[in-house]
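**Q** Questions regarding the structure given below will be posed in turn.
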Amino acid sequence: MLTRSLMVPGARSLSTKVAVVLSGCGVYDGAEVHESSALLTHLSRHGAAVSVFAPDKEQMHVVDHTSGTPMSENRNVLKESARIARGKIAALSELNSDDFSALVLPGGFGAAKNLSNFATEGSGMSVDSEVSAAVRSFHSQGKPIGLCCIAPVIAARVIPGVEVTVGSNESSDKWPYAGTATAMEEMGGKHVVTDVSQTHVDHTNKVVTTAAFMCETALHEIHDGIGAMVKDLLGLVE
């Protein structure tokens, strides 16, 4: 495996090895940067050894983050994700679930555009074959999986009957993406209403989810919710 761990040199090595899958860099066309940073920070605080992966393919499109409009250029998901991982990253094709205790996918529109096509297909979505294979492999081995923000749609598609949350199922200024809950239930998942600081743990499937930026709220609340997800996720590691 070519990836290098994100643990601080000299830190004590623990048995909990976590694989993180990113979807680019930037909320509108890749991984949400604040969510990814919060995730890596909380995993570090708990002493987990983290390796980062991303699909080696072109993004669905590139978005100008000052205007929210598409740009006429192409970018690679792996190379963009490397910005968040500080270059310590490997292609998703190299991920072997045997080497890790848990899997985590942060949100951002990249999860709905590059890891899946939920952004264009809704409940008729499909999941990138490498992403689907990773989720199925961890799930079949009884290893916990964490997802936040829009990423739980991937679990809803891949894991039959999974319980997940994206926060609210009623649209409002605070919850502008609540329609996602209906889409996940159309795919056979079960949506559980939570607040942004809370998680939902599906103990049967060992899937932990939190709403993150599905909610329009203060940044520290997003950070706290992801921290709760990491704590619950690691609590499921055997």
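The values are calculated or read from the model by the stated rules, or taken from the named source; none is laboratory data. Computed from a prediction, not measured in an experiment: that's the story for all the values here. Cβ placement follows ideal geometry from the backbone for every residue including glycine, while neighbour counts extend to all protein chains displayed. Ligands, DNA and RNA are stripped out before the accessible areas are found, and what is left, the full protein with its side chains, is counted by its heavy atoms. Shrake-Rupley method; radii C 1.70, N 1.55, O 1.52, S 1.80 Å.
**Q** For region 1-140, give the magnitude of the charge dipole about the Cα centre (Cβ charges: +1 Lys/Arg, -1 Asp/Glu; no others), in debye to the nearest 20.
**A** Computed about the Cα centre, the dipole is about 580 debye.
**Q** What residues have an amide H closer than 5 Å to that of residue 166, excluding those fewer than 5 places away on the same chain, when H is modeled at 1.01 Å from N in the peptide plane?
**A** Excluding prolines and chain starts, which carry no amide H, the hits are 192.
**Q** Right, another one. Pull up all non-local amide H partners of residue 102: gap of 5 or more, or a different chain, and H-to-H distance under 5 Å with H placed in the peptide plane.
**A** Amide H to amide H, under 5 Å and 5 or more residues apart or across chains, residue 102 pairs with 17, 19.
**Q** About the Cα centre of region 18-90, how large is the charge dipole given +1 on each Lys and Arg Cβ and -1 on each Asp and Glu Cβ? Please answer in debye to the nearest 20.
**A** About 360 debye.
**Q** Leaving out ligands, DNA and RNA, what percent of the accessible area of the chain is carbon and sulfur, probe 1.4 Å?
**A** The nonpolar share, carbon plus sulfur, comes to 47 percent.
**Q** Tell me, Kirkwood radius of the chain from alpha-carbon pair distances, in Å?
**A** One over the average 1/r among Cα pairs gives 17.2 Å for the chain.
**Q** Using only alpha carbon pairs under 8 Å that are at least six residues apart, calculate the relative contact order of region 147-238 and give it in whole percent.
**A** RCO, region 147-238: 30 percent.
**Q** Roughly speaking, what is the centre-to-centre gap between region 42-118 and region 217-238 when only Cα atoms are used, to the nearest Å?
**A** Comparing the Cα centres of region 42-118 and region 217-238, I get a distance of 19 Å.
**Q** Next question, about the same structure. Compute the relative contact order of the chain as a whole-number percentage, counting only Cα pairs closer than 8 Å that sit 6 or more residues apart in sequence.
**A** Rounded, it is 19 percent for the chain.
**Q** What does the helix-only formula give at 222 nm for the chain: each DSSP H stretch with n ≥ 4 adding -39500 (n - 2.57), the total divided by the residues, and the result rounded to the nearest 500 deg cm²/dmol?
**A** -8500 deg cm²/dmol
**Q** Once Lys and Arg get +1 and Asp and Glu get -1 on their Cβ, which of 181, 42, 60 lies farthest toward the positive end of the dipole of the chain?
**A** Sorting the options by dipole projection puts first 42.
**Q** Listed highest first by mean packing, meaning other Cβ atoms within 10 Å per residue, what order do 103-113, 170-180 come in?
**A** Averaged packing, sorted descending, gives the order 103-113, 170-180.
**Q** In debye, nearest 20, what is the charge dipole magnitude of the chain about its Cα centre with +1 on Lys and Arg Cβ and -1 on Asp and Glu Cβ, if you could check?
**A** Result for the chain is approximately 820 debye, rounded to the nearest 20.
**Q** Further, regarding this structure: Give me Rg over Rh for region 181-238, both radii from the alpha carbons and Rh done the Kirkwood way, two decimal places.
**A** 1.00
**Q** Here is a follow-up. Please compute P(r) over all alpha-carbon pairs of region 103-159, binned at 10 Å starting from zero, and give each bin as a whole-number percent.
**A** Computed distribution, short to long bins: 26, 60, 14, 0.
**Q** Of 169, 213, 203, which is farthest towards the positive pole of region 90-227's charge dipole, taken about the Cα centre with +1 and -1 on the beta-carbons of Lys, Arg and Asp, Glu respectively?
**A** Farthest towards the positive pole: 203.
**Q** Choose one of 115, 140, 19: the residue whose Cα lies farthest towards the positive end of the charge dipole of the chain (beta-carbon charges +1 Lys, Arg; -1 Asp, Glu; about the Cα centre).
**A** 19
**Q** When only alpha-carbon atoms count, how far does region 89-219 stretch along each of its three principal axes, as whole angstroms with the largest first?
**A** Sorted largest first, the three principal extents are 42, 30, 29 Å.
**Q** Tally the DSSP beta bridges in the chain and give the antiparallel ones as a percent, rounded to 5.
**A** 30
**Q** Right, something else. Collect residues whose amide H, placed 1.01 Å from N in the peptide plane, falls under 5 Å from the amide H of residue 57; neighbours closer than 5 in sequence don't count.
**A** Here the answer is 77, 78, since their amide H atoms fall under 5 Å of that of residue 57.
**Q** Mean separation of Cα pairs under 8 Å and 6+ residues apart, divided by the residue count of region 191-238: what relative contact order is that in percent?
**A** Contact order relative to length: 38 percent.
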